[in-house]
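The values are calculated or read from the model by the stated rules, or taken from the named source; none is laboratory data. As the structure is a computational prediction, the values presented were derived from the model and not from experiment. A quick note on method: Cβ atoms are made from the backbone with ideal geometry, for glycine too, and the neighbour counts reach across all protein chains shown.
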C-alpha cells in the first residue's frame with residue numbers, strides 16, 4: 001500500500017524545506033523589490049514590469065477562458081442530460097433513431113459517437129439503471145433552513161432519487177441541535193430516496209485533525225459497509241460530497257452518470273462541477289459579493305483548463321476508487337484539493353478530472369453581523385490558501401527515488417501548484433504598490449527618469465487590465481439570480497458599484513490570507529483545525545433580531 005498520508009508530527013528535513021518554500025518565495029518577491037529599489041531603481045522598475053507583463057499575458061488567457069466557460073455552462077444547462085443518459089440503456093436503438101434526426105444540442109456529435117462505440121463494444125457498458133449515486137452531505141451545526149434546500153435540490157433533480165443513497169454526516173462536536181435537525185430531515189425525506197442514513201462522526205478520534213475530511217471519510221466508510229450489506233457493487237456507485245449549503249443543478253447527477261458510463265477508465269476519474277457562490281449573493285455585504293463572484297469566475301476558468309483542473313469543494317468519485325484509497329485525508333483542513341494529489345499519486349499519475357459544465361450553487365459568506373461576516377470571509381480564504389501545504393506533499397513524492405509517477409509530469413504540476421500560491425500572495429501587492437516603492441525608499445530615485453515614469457507606465461497597464469474586469473462585471477450580471485422582492489431596484493446599482501472594492505478585496509483578503517497561511521507553514525505553526533464558515537440566512541438573522549428584542 002502506497003503511503004498517502006500527510007505527516008502529523010515530525011517532518012523530514014526535505015518535507016520542512018518544501019513546506020517553507022511558498023512562504024520564502026512570496027516574502028522573497030516583496031523583499032527583492034525593496035532590495036532592488038535600494039540598489040538601483042531601474043532594476044526595480046524592470047522587475048515590476050516583468051511581473052505585470054506576465055500578469056497581462058495570463059489575464060488575456062483568463063478573459064478568453066471566462067467568455068468560453070460562461071458560454072459552455074449556459075449551453076450545458078440547456079442539455080437534456082436525463083434523456084442522454086436514458087439513451088445509454090439501448091445504445092444501438094438510440095444511435096439509429098438519433099442519426100435520422102440529428103440534434104443541435106451541445107455535444108450531440110460526441111453523444112452519437114458514444115452510442116456507436118457502446119453498441120459495438122466487446123465488453124458491456126454499465127446500464128443507467130445499474131448506477132447509484134451516494135451523496136454525502138457534511139454538516140457541523142448548520143440550521144434546518146440551510147440543510148433542507150440542499151436535500152430538496154438533490155431529491156428534485158432529474159435523476160431517479162430511488163437510485164440515490166443520501167448520507168448526512170454530522171459532527172458530534174456540533175451538539176444536540178444538529179442531531180435533532182438531521183433526525184427531522186431523515187424523517188421527512190427518507191421515503192424519497194433509495195435510503196437516507198444519518199451518521200455521527202465522533203469527536204477526538206486518533207490521527208485526525210478537526211476537519212471535513214475526517215467527517216466525510218467516516219461517512220464514506222459507513223456507506224461502503226451499507227453497500228456491502230445491500231449487495232451493491234462499488235463500481236456501480238458514484239460518491240458525491242456536498243457541503244450543507246450546496247444546491248446541485250437539477251441535471252447534475254444525470255450528467256455525471258452519463259460521463260461515468262461513457263468513459264472506459266472509470267475508476268481513475270473524478271468529476272468536477274463548477275462551484276458558483278450565488279445562492280445568497282443578493283443578501284451578503286458588498287465585499288463578500290466581489291469575492292464570491294471572483295471565486296465563481298475562477299471556477300469557470302478552471303473548468304476550461306482540464307490540464308490544471310483540480311478537485312474543489314463538491315466533487316464526485318467512484319466508490320471503488322475511494323474505498324481502495326480509504327476515502328479522503330483525515331489530516332488536512334483542505335481535503336478537497338488534496339484529494340486530487342492523493343488520487344494522482346495513488347494511481348501512479350493515471351488520474352483525470354472530468355469537468356462537469358453545470359453548477360453546484362453555494363452560499364457566499366454571511367454571518368449574523370457585518371463584522372462577523374468580514375472575519376468569517378477571511379477565515380474561509382485562509383483555509384483555502386492553506387492548500388499551499390500540498391507543495392511539500394507533492395514535492396517529496398516527485399523528487400523521491402521511489403516515485404511512481406513520471407518525473408517531468410510531476411515536476412510541471414509542482415511548478416504550477418507553487419506558482420499559483422505565490423501569485424495569490426504577492427502579485428496584487430506588487431502590481432498595486434510596486435511602482436511607488438523605489439520613490440518612497442530611495443532618495444536618489446526622484447532623480448531617475450525611469451523611476452518617475454514607472455507609476456505612470458503601471459497606470460496605463462492597469463487600465464488595459466480593466467478590460468478583463470469589465471468582462472467579469474458584464475458576465476456577473478448575466479449570472480445573477482433574480483433580485484428578491486425584499487430588495488428595491490437600487491440594490492442592483494450597488495451590484496455595479498461594488499466592483500470599485502476589487503483592489504481592496506484582492507489585497508486585504510486574497511493576498512493577506514495567502515501570506516497568513518504560507519507564513520504559518522514557513523514557521524511550522526500548522527493549521528490543524530477546520531474553521532467552519534458561518535452559514536447564516538436572512539431568516540435566521542431576522543429570527544435572532546426578533547428574539548433579542550423580546
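Annotations for the structure displayed:
The rows are residues; the columns are (1) assigned to a helix (DSSP H, G or I); (2) touching a helix residue (DSSP H, G or I) at 6+ places or on another chain (Cβ under 9 Å); (3) surrounded by fewer than 18 Cβ atoms within 10 Å (Cβ to Cβ); (4) in contact (Cβ under 8 Å) with a residue 40 or more places away in the chain.
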{"position": "142", "(1), (2), (3), (4)": "no, yes, no, yes"}
{"position": "146", "(1), (2), (3), (4)": "yes, yes, no, yes"}
{"position": "151", "(1), (2), (3), (4)": "yes, yes, no, no"}
{"position": "154", "(1), (2), (3), (4)": "yes, yes, no, yes"}
{"position": "159", "(1), (2), (3), (4)": "no, yes, no, yes"}
{"position": "165", "(1), (2), (3), (4)": "no, yes, no, yes"}
{"position": "169", "(1), (2), (3), (4)": "no, yes, no, yes"}
{"position": "177", "(1), (2), (3), (4)": "yes, no, yes, no"}
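- Restricting the stretch 361-396 to residues that are crowded, with 18+ Cβ neighbours inside 10 Å and part of a loop (DSSP other than H, G, I, E, B) leaves a set whose member that is nearest to the chain's Cα centre (by Cα) is 362.
- Filtered residue count, the stretch 397-410, keeping only those that are in a helix (DSSP H, G or I) and crowded, with 18+ Cβ neighbours inside 10 Å: 3
- Test set (1) within 30 Å of residue 262 (Cβ to Cβ); (2) touching a residue at least 40 places away in the same chain (Cβ under 8 Å); (3) over 25 Å from the mean Cα position of the chain (by Cα) - residue 97 fails condition number: (2)
- Just one of the listed residues (480, 527, 470) is at pLDDT below 85 and at negative phi, namely 470.
- Tally, over the stretch 201-238, of residues that are outside any helix (DSSP H, G or I), within 27 Å of residue 9 (Cα to Cα) and in contact with a strand residue (DSSP E or B) (Cβ under 6 Å, 6 or more places away or on another chain): 2
- Residue 281 being in the same structural domain as residue 110 (by TED's automatic domain parsing) and at pLDDT below 95: yes
- Residue 236 meets each of the listed conditions (1) closer than 26 Å to residue 197 by Cα; (2) out of contact with any helix residue (DSSP H, G or I) (no Cβ under 6 Å at 6 or more places or on another chain); (3) surrounded by fewer than 20 Cβ atoms within 10 Å (Cβ to Cβ) apart from (2).
- Among all positions in the stretch 38-57, there is no residue which is touching a helix residue (DSSP H, G or I) at 6+ places or on another chain (Cβ under 8 Å) and not in a helix (DSSP H, G or I).
- Verdict on residue 132 being at pLDDT 90 or above, closer than 28 Å to residue 243 by Cβ and buried (at least 21 other Cβ atoms within 10 Å of the Cβ): yes
- Residue among 52, 31, 62 that alone is exposed (fewer than 14 other Cβ atoms within 10 Å of the Cβ) and either at negative phi or at pLDDT 90 or above (or both): 31
- Answer from 457, 449 - the residue that is at pLDDT below 75, under 14 Å from residue 47 (Cα atoms) and surrounded by fewer than 17 Cβ atoms within 10 Å (Cβ to Cβ): 457
- All conditions in (1) free of Cβ contacts under 8 Å to residues at least 60 places away in the same chain; (2) within 28 Å of residue 395 (Cα to Cα); (3) in the same structural domain as residue 472 (by TED's automatic domain parsing) hold for residue 3, with the sole exception of (3).
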